[in-house]
Amino acid sequence: MRLAQVKDQTPHRWVRRLLAVALTVIALPTIWAGPASAATSEPCVADATQGCLEGFLRSPEGQPLVGVVLKVTDPSGKTTSVTSGDNGSWSAPVPADGEYTVQLDVSTLPAGQKATPDKNPLKTQARVGSTTSLLFSLTAGGASATAAPTGTASPSTDSEGNATSSGGVSWNRVVQQATSGLIFGLLLALASIGLSLIYGTTGLSNFAHGEQVTLGGILAYVFCQLVGLPLVLSAIIAVILAAASGWAQDAWIWHPLRKRRIGPTQQMIVTIGLSMALQYGFQFFFGGDKLRIVTTTPEVITVGPVTFTRTTLISVVIAIVALGAVSYFLLATRIGRATRAVSDSPALAAASGISVESIIRIVWTLGAGLAGLGGVLMGLYLNATNWNMGGAMLLLMFSAVTLGGLGAAFGALAGSLVIGLVVEMSSLVIPNDMRYAGALLILILVLLFRPQGILGRAERIG
């Protein structure tokens with residue numbers, strides 16, 4: 001059979017429409033955005049001589065709180081005061097490592113705004129050369145809200161990195177969370193597509209794929225903060241090395257196992273062991289603290305009820321370009337069509353003259369590179385990366401791949417957008433630390449009622 005005769009598996013028309021709507025919604029802030037408001041004081045910048053404490057103060061309705069005074073006490077007991085700027089941002093220098101206490105002066109809050117007693121003051125460990133973000137929980141009319149971290153729409157965390165609950169459903173919050181969900185879904189899709197391609201061509205559920213995401217974020221941190229290279233160059237090197245690690249894994253682990261006819265179940269167990277080894281390796285070498293790829297205070301853009309950073313906007317554009325390139329690769333190139341042929345039927349593809357092992361090697365390299373890129377962008381979006389970031393995202397990736405259809409790359413994209421929306425929108429009605437439960441519920445329901453997923457094909461077993 002000639003390669004041109006391979007059955008085309010382009011996504012359904014309604015999926016294209018869904019993606020078009022999603023990209024349009026994400027692009028609106030770019031069209032409408034104007035210059036970000038500047039703070040009333042020069043923001044702190046972490047360097048070799050000092051660190052920074054920073055945060056954003058916003059009302060439960062999402063409006064920035066200007067002119068609010070915060071008192072910062074260093075380990076020696078010295079207290080200094082800082083004031084929030086025009087966009088609600090504040091920052092304070094960290095002259096020495098140690099425990100810092102930040103107290104919100106409630107007398108400077110606007111009328112009707114109160115601070116949650118158990119969240120004021122906040123204590124945190126801060127270090128020279130790094131930036132630590134703090135979040136104050138505010139209440140108005142009985143509904144609690146948490147200030148958005150570093151001006152992004154990422155999941156809220158307190159000073160110790162624990163998720164906090166956001167309450168009070170309003171139209172502004174709905175729009176903010178929906179935008180956050182689309183952004184998060186796009187970044188999640190970068191990792192999910194690689195996971196889906198690997199499953200489609202090899203039948204292997206790779207539980208170590210989350211560590212490829214972590215690897216990308218940590219490599220970007222190493223080259224940007226430890227080596228001192230520019231962010232763009234650090235990100236490019238991180239993606240290249242992540243892709244090279246995928247090539248090495250297939251060459252040294254998975255190809256020999258396939259050659260010995262080791263089944264997918266046994267290989268899956270190997271991926272679990274590899275995942276654990278990589279996770280604790282990352283923790284051993286880099287510790288359990290959060291690693292900031294960029295330590296400078298990001299520029300905040302506010303468009304109506306939606307707030308995000310310029311870094312997030314650039315990350316979204318990069319993700320869209322990368323996903324478009326992958327789509328073109330799969331649909332319009334000879335290797336991409338061969339990849340879809342191997343995913344459809346490896347035996348039939350081999351009989352058609354396609355080198356199945358070569359295609360699998362390319363898929364491992366491409367999948368690891370996409371996961372590495374996802375790790376870099378996710379680290380910038382969440383304002384930090386750490387040793388188990390990818391492991392925490394693994395459930396979301398599997399949920400997205402299962403929802404979209406196992407082995408269907410475009411299904412993984414559609415599933416990731418749905419999972420991103422569910423994760424972010426669920427915080428409107430349930431605590432933030434339970435938002436991943438919605439993804440697990442979707443995974444269970446899909447397996448019960450439509451195990452082939454959105455774009456998957458039903459197969460007869462037995």
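The values are calculated or read from the model by the stated rules, or taken from the named source; none is laboratory data. Model, not experiment: these values are computed from the prediction. Cβ sites come from the backbone with ideal geometry, for glycine too, and all protein chains shown count toward neighbours.
Among the residues of the stretch 195-254, those that are closer than 17 Å to GLN279 by Cα and aromatic (Phe, Trp, Tyr) comprise PHE207, TYR221. Cβ-Cβ contacts under 8 Å between residues 6 or more apart (or on different chains), taken from a first residue in the stretch 269-289 that is touching a residue at least 40 places away in the same chain (Cβ under 8 Å) to a second residue that is surrounded by 12 or more Cβ atoms within 10 Å (Cβ to Cβ) and among the charged types (D, E, K, R), are listed as LEU274/GLU211; SER275/GLU211; LEU278/GLU211; GLN279/GLU211; PHE282/GLU211. Residue-level analysis places LEU226 among those that are hydrophobic (A, V, I, L, M, F, W, C), assigned by TED's automatic domain parsing to the domain that holds ALA392 and at pLDDT below 95.
Listed by position, the helices (runs of 4 or more DSSP H) inside the stretch 165-261 whose residues that are within 25 Å of ALA325 (Cα to Cα), touching a strand residue (DSSP E or B) at 6+ places or on another chain (Cβ under 8 Å) and of a type outside the set (D, E, K, R) number at least 2 are 171-202, 209-221.
Residues are listed down the side, and each one gets a yes or a no for (1) of a type outside the set (A, V, I, L, M, F, W, C); (2) modelled with pLDDT under 95:
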residue: LYS290; (1), (2): yes, yes
residue: ARG310; (1), (2): yes, yes
residue: ILE314; (1), (2): no, yes
residue: ALA322; (1), (2): no, no
residue: TYR328; (1), (2): yes, no
residue: ALA341; (1), (2): no, yes
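Of everything listed in (1) touching a Ser or Thr at 6+ places or on another chain (Cβ under 6 Å); (2) surrounded by fewer than 23 Cβ atoms within 10 Å (Cβ to Cβ); (3) modelled with pLDDT under 95, the single unmet condition for VAL401 is (2). Of the residues contained in the stretch 371-385, one or more are found to be out of contact with any helix residue (DSSP H, G or I) (no Cβ under 8 Å at 6 or more places or on another chain) and either in contact (Cβ under 8 Å) with a residue 24 or more places away in the chain or more than 28 Å from CYS52 (Cα to Cα) (or both). Filtering the stretch 418-441 to residues that are in contact with a Leu (Cβ under 8 Å, 6 or more places away or on another chain) and crowded, with 19+ Cβ neighbours inside 10 Å leaves VAL418, ILE419, GLY420, LEU421, VAL423, TYR436, ALA439.
Taken together, the criteria exclude TYR280 from residues that are more than 30 Å from GLY304 (Cα to Cα), in contact with a strand residue (DSSP E or B) (Cβ under 9 Å, 6 or more places away or on another chain) and part of a helix (DSSP H, G or I). None of ILE362, ILE301 is surrounded by 21 or more Cβ atoms within 10 Å (Cβ to Cβ), aliphatic (A, V, I, L, M) and under 25 Å from SER245 (Cβ atoms) except ILE362. Can you pull out the residues in the stretch 57-85 that are part of a strand (DSSP E or B) and either under 18 Å from ALA115 (Cα atoms) or aliphatic (A, V, I, L, M) (or both)? Across the stretch 57-85, the qualifying residues are ARG58, PRO64, VAL69, LEU70, LYS71, VAL72, SER81, VAL82, THR83. Does ILE293 satisfy the condition of being more than 29 Å from LEU233 (Cβ to Cβ) and not small (Gly, Ala, Ser)? Spelling it out, it is not the case that ILE293 is more than 29 Å from LEU233 (Cβ to Cβ) and not small (Gly, Ala, Ser). Listed conditions (1) surrounded by 14 or more Cβ atoms within 10 Å (Cβ to Cβ); (2) at pLDDT 75 or above; (3) polar (S, T, N, Q) are all met by SER107, apart from (1).
For (1) more than 28 Å from the chain's Cα centre (by Cα); (2) assigned to a strand (DSSP E or B), each residue gets a yes or a no:
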position: ASN87; (1), (2): no, no
position: TRP90; (1), (2): no, yes
position: ALA96; (1), (2): yes, no
position: GLU99; (1), (2): yes, yes
position: SER107; (1), (2): yes, no
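Among the residues of the stretch 85-103, just one is surrounded by fewer than 18 Cβ atoms within 10 Å (Cβ to Cβ) and either over 16 Å from ASP74 (Cβ atoms) or in contact with a Cys (Cβ under 6 Å, 6 or more places away or on another chain) (or both), namely ASP86.
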